[in-house]
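Everything on this sheet refers to the single structure shown next.
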Amino acid sequence: MYHNRLIPCLLLDNGKLVKTVQFKKPVYVGDPINAVKIFNDKEVDELIFLDINATRSHKKPDFEYLKKIAEQCFMPLCYGGGVNSLEDIGALFRIGMEKVSVNAAALERPQLISEAAQIYGSQSIVGAMDVGKNMFGKIIVKAQNGTKNTKYSPKEYAKRLQDAGAGEIFVNVIPNDGMMTGYDYELIHEVADNVQVPVIACGGAGSLQDCRRAIDSGASAAAAGSIFVFWGANKAVLINYPDRAETDDLFASAAER
């Protein structure tokens, strides 16, 4: 049985910590290294950093800056954004990343995941997908930061990522991103029911109860951004995370459902 996790998903944009809504309009929310230090103190399960600028601009990861982040991080750290080669993946592990998320490159070359899993172990390779709708309202995997349609349904693409060697599947739902109205629970169930590796659900969490429902729906981990960087009805910027007793109770309740 996999350990359920509650994971802050933090977005990098030119070295700044930002939050988006439906992958658009990034808003500055602080310094990434300061955020990491706060999450250290709060004994967070794991952190995910996604560099939206590297992906958008087709740039390589900023290894020097990411090393500074990793040096301050005392919990498992996953990075995604601009990862296009085995060399990129190896460099990220050498600077202290525990997991690497591969998204755009896997759409074009699923063998990159296979090769990386053979070298570094599948447990360290996360296959990621961005999910949205086409013009007919059909839910599909999207490419190029959500701007281009693919031929894949999330269910079949998750299986493809698993078969390529990914040890986890990260599912980020674009229409729900930053909306804080809940995850796409039906999609989570559909994807998780079709693979045997852990699924990380992302996009839409507005409360810890939403995270619990994502676990109930089949996810092994609930990733979120807004609830961990904003606080209160006015969305004041405040890095936060529930204490260990609260997360233990959250997942115990989920296990009982």
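The table that follows gives values for the structure above.
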| item | result |
| --- | --- |
| Rounded to whole Hz, the Karplus (6.51, -1.76, 1.60) HN-Hα couplings of the stretch 210-227, x for glycine and proline | 4, 5, 4, 5, 4, 5, 4, 7, x, 5, 8, 9, 10, 9, 7, x, 4, 5 |
| Relative contact order for the chain, counting Cα pairs under 8 Å that sit 6 or more residues apart, in percent | 17 |
| Kirkwood Rh, Cα atoms: Rg over Rh of the stretch 5-256 | 0.93 |
| Neighbourhood net charge (15 Å Cβ-Cβ; Lys/Arg +1, Asp/Glu -1) for Ser226 | +2 |
| Per-residue ³J(HN,Hα) for the stretch 240-246, Karplus 6.51 cos²θ - 1.76 cosθ + 1.60, θ = phi - 60°, Hz, x for Gly and Pro | 8, 6, x, 6, 4, 4, 5 |
| Whole-angstrom gap from the stretch 11-25 to the stretch 198-257, using each part's C-alpha centre | 20 |
| Straight-distance crosslink candidates among lysines, where the alpha carbon sits under 24 Å from Lys19 and sequence neighbours closer than 8 are dropped | Lys37, Lys42, Lys59, Lys60, Lys67, Lys68, Lys99, Lys133, Lys142, Lys148, Lys235 |
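Every read-out reported here was derived from the displayed coordinates using simple, explicitly stated rules and does not represent laboratory data. As the structure is a prediction and not an experimental result, all values here were calculated from the model. All Cβ positions, even for glycine, are placed from backbone atoms using ideal geometry, and neighbour counts span all protein chains on display.
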